[in-house]
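Colleague: I'd like to ask some things about the structure below.
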Amino acid sequence: MKKTQYLLLIISSFILNSCSVYNFTGTGKIDAKTYQVNFFPNNSDLIEPGIDRTFTLTLQDLIQNQTNLHLVKNNGDLTYEGEITDYRISPMTATADQKAAQNRLKIRVQVRFSNKNKEADDFDKSFEFYYDYPAAQQLTGATKDAAIKEIFERITQDIFNESLAKW
């Protein structure tokens, strides 16, 4: 009986110890305590007012919500910086009478990530995503808000995965 209890104690200690390395976001152990997200200016040919601020805040919020890192204004262990390099609307599918049936909004963001504690993790990479909407709709109001929200959620999650989750 004592051998069984001793064996269960050893197994449970291994299980509990291995679980502490990972969390529910899949990041594993992060070798940092702070992060900073610098302002991402909109340097695309087509300027949409406000998306630079929206993107910066979306990235800050995602990291804040999925890690225990603290946001700082400068000298962060992890630094995210870059710019919005492309904001483009283009027709995607055509109808029989040569009119656009669907349009696509595509946004590309160039990101430079640096990790003071592990320089091997540094990268300078482009991330992009798109949103398709009916050509009969204008890209204004709720349609534009939904498009930008969906695109930024996907891009920021891709940045998070590349920098912290290593997926």
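The values are calculated or read from the model by the stated rules, or taken from the named source; none is laboratory data. Because the structure is predicted, anything quoted here is derived from the model rather than measured. Because the Cβ atoms are built from the backbone with ideal geometry, glycine has one as well, and the counts that use them run over all protein chains shown. Side chains are part of the model used for accessible areas, which takes the heavy atoms of the whole protein and leaves out ligands, DNA and RNA. Shrake-Rupley method; radii C 1.70, N 1.55, O 1.52, S 1.80 Å.
Colleague: Can you tell me which of (1) under 27 Å from Asn117 (Cβ atoms); (2) open to solvent by 90 Å² or more (accessible area, probe 1.4 Å); (3) over 17 Å from the mean Cα position of the chain (by Cα) is the one Gly76 doesn't meet?
Modeller: Condition not satisfied by Gly76: (2).
Colleague: Moving on to the next point. Could you tell me whether Asn117 is within 20 Å of Val37 (Cβ to Cβ), at pLDDT below 95 and not β-branched (Val, Ile, Thr)? Even if it seems obvious, please write down each step before you answer.
Modeller: Details: within 20 Å of Val37 (Cβ to Cβ): yes; at pLDDT below 95: yes; not β-branched (Val, Ile, Thr): yes.
Answer is yes for this residue.
Colleague: Which of the following residues is buried (at least 17 other Cβ atoms within 10 Å of the Cβ) and in a helix (DSSP H, G or I): Leu164, Leu105? Walk me through how you get there before you give the answer.
Modeller: Details: Leu105 fails: in a helix (DSSP H, G or I).
Residue meeting the stated conditions: Leu164.
Colleague: Let me ask you something else. Taking Gln137 and the conditions (1) part of a loop (DSSP other than H, G, I, E, B); (2) touching a helix residue (DSSP H, G or I) at 6+ places or on another chain (Cβ under 7 Å); (3) within 24 Å of Pro41 (Cβ to Cβ), which numbered condition does it fall short on, given that it satisfies the others?
Modeller: (3)
Colleague: Could you tell me whether any residue of the stretch 131-140 is among the small types (Gly, Ala, Ser) and loosely packed, with under 14 Cβ neighbours inside 10 Å? Before you say what the answer is, go through the steps one by one.
Modeller: Going residue by residue through the stretch 131-140, those that are among the small types (Gly, Ala, Ser) are 135-136.
Retained after the next criterion (residues that are loosely packed, with under 14 Cβ neighbours inside 10 Å): 136.
Yes - at least one qualifying residue is present in the stretch 131-140.
Colleague: Considering only residues of the stretch 49-73 that are part of a loop (DSSP other than H, G, I, E, B) and without any contact (Cβ under 8 Å) to a residue 40 or more places away in the chain, which is surrounded by the most Cβ atoms within 10 Å (Cβ to Cβ)? Explain how you work it out, then say what you get.
Modeller: Of the stretch 49-73, the ones part of a loop (DSSP other than H, G, I, E, B) are 49-50, 67-69, 72-73.
Now narrow it down to the ones that are without any contact (Cβ under 8 Å) to a residue 40 or more places away in the chain: 49-50, 68-69, 72-73.
On the way: Pro49: 7, Gly50: 10, Asn68: 9, Leu69: 19, Val72: 15, Lys73: 8.
By that ranking, first place goes to Leu69.
Colleague: Among the residues of the stretch 25-46 satisfying the criterion of being of a type outside the set (Lys, Arg) and surrounded by fewer than 13 Cβ atoms within 10 Å (Cβ to Cβ), which is modelled with the lowest pLDDT?
Modeller: Among residues in the stretch 25-46 that are of a type outside the set (Lys, Arg) and surrounded by fewer than 13 Cβ atoms within 10 Å (Cβ to Cβ), the one modelled with the lowest pLDDT is Gly28.
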